[in-house]
1. Name the helices (complete DSSP H segments) of the chain with a Cα length along the long axis of 24 Å or more and a Kyte-Doolittle mean of at least 1.6, or state none.
2. Does a label point 7 Å from the Cα of Cys24, set along Cα-to-beta-carbon, have any residues of the stretch 87-121 with amide nitrogen under 14 Å, and which are they?
3. Per residue of the chain, what 222 nm ellipticity follows from adding -39500 (n - 2.57) for every DSSP H run with n ≥ 4, rounded to the nearest 500?
4. On a full-extension model of 0.36 nm per residue, what is the gain between Leu99 and Lys159, subtracting their alpha-carbon distance, rounded to one decimal in nm?
5. Once you have the Cα-Cα distance between Asn108 and Leu145, take 0.36 nm times their residue separation minus that, and quote the gain in nm to one decimal.
6. If r is the Cβ-Cβ distance from Lys17 to Ala53 and R0 is 45 Å, what FRET efficiency results, to the nearest 0.05?
7. Which residues make up the longest stretch of the chain that has no chymotrypsin sites (Phe, Trp or Tyr not before Pro) in a DSSP loop with at most 15 other Cβ atoms within 10 Å?
Amino acid sequence: MIITFQLEQEEYKKFTKFALKRACGKKNEKKSFVLNLIIWFLLAVVFMVVFQAISKKSFNFDIPTAVIVLLPFIIGAGIYLLEVLKLQKGTLPKIDGFLLSKSTIEINEDGLHASKESANSFFKWSVIESISENEGDYYLFLDNLYAIIVPGTAFTSEKQAGEFRGLIEKYV
């Protein structure tokens with residue numbers, strides 16, 4: 001079986017998001033977010049009770065006090081998010097670069113031949129650790145974060161995608 005495709009930046013973003021979740025073992029992001037929110041809320045309540053209990057004079061917690069206390073945390077979180085976004089943008093492959101160039105994958109009994117205009121690679125079946133499918137895209141993981149990405153757009157039909165999956169599962 002021979003498949004030819006060109007990976008897009010959005011497909012690569014989808015892969016990196018999936019690979020990081022896979023490496024971190026995150027199964028349910030929403031559940032994790034809610035749990036973190038509850039923990040931070042309880043921690044804030046505990047600190048407020050402790051400060052009120054140990055203060056020598058009456059402690060009035062009002063909106064200006066809350067803003068003054070939260071302002072450095074909000075600024076810090078904003079700076080952190082901006083840096084993460086810059087990092088994500090800076091690590092995207094170039095549109096005309098090697099990773100997003102036209103690729104051809106040939107599957108046979110010996111392994112998988114991957115070729116681009118400027119490089120050829122051969123992967124024995126034994127080096128492919130696992131296969132993952134994410135929203136129609138296939139990732140053939142060779143390591144925790146490195147994978148051969150086969151986007152869903154590489155297939156002309158569901159039947160062809162099924163044949164691809166069947167061939168890969170036969171050898172891996």
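1. Numbers: long enough: 29-54 (37 Å, 1.78); 63-90 (38 Å, 1.54).
Span-like helices here: 29-54.
2. Answer for this model: 88.
3. Numbers: 4 runs with 84 residues, N = 172.
My calculation for the chain gives -17000 deg cm²/dmol from helical runs alone.
4. Working: separation 60, 0.36 × 60 = 21.60 nm, distance 2.68 nm.
Full extension of this stretch gives 18.9 nm more.
5. Details: separation 37, 0.36 × 37 = 13.32 nm, distance 2.44 nm.
Gain on stretching Asn108 to Leu145: 10.9 nm.
6. Numbers: r = 44 Å, r/R0 = 0.98.
With R0 = 45 Å, the Cβ-Cβ based efficiency is 0.55.
7. 1-58
The numbers here are math on the coordinates, done by the rules we state, and not lab data. The model shown is predicted, which means the values in this text are computed figures rather than measured ones. Positions of Cβ are generated from backbone atoms using ideal geometry, with glycine treated the same way; all protein chains shown enter the neighbour counts.
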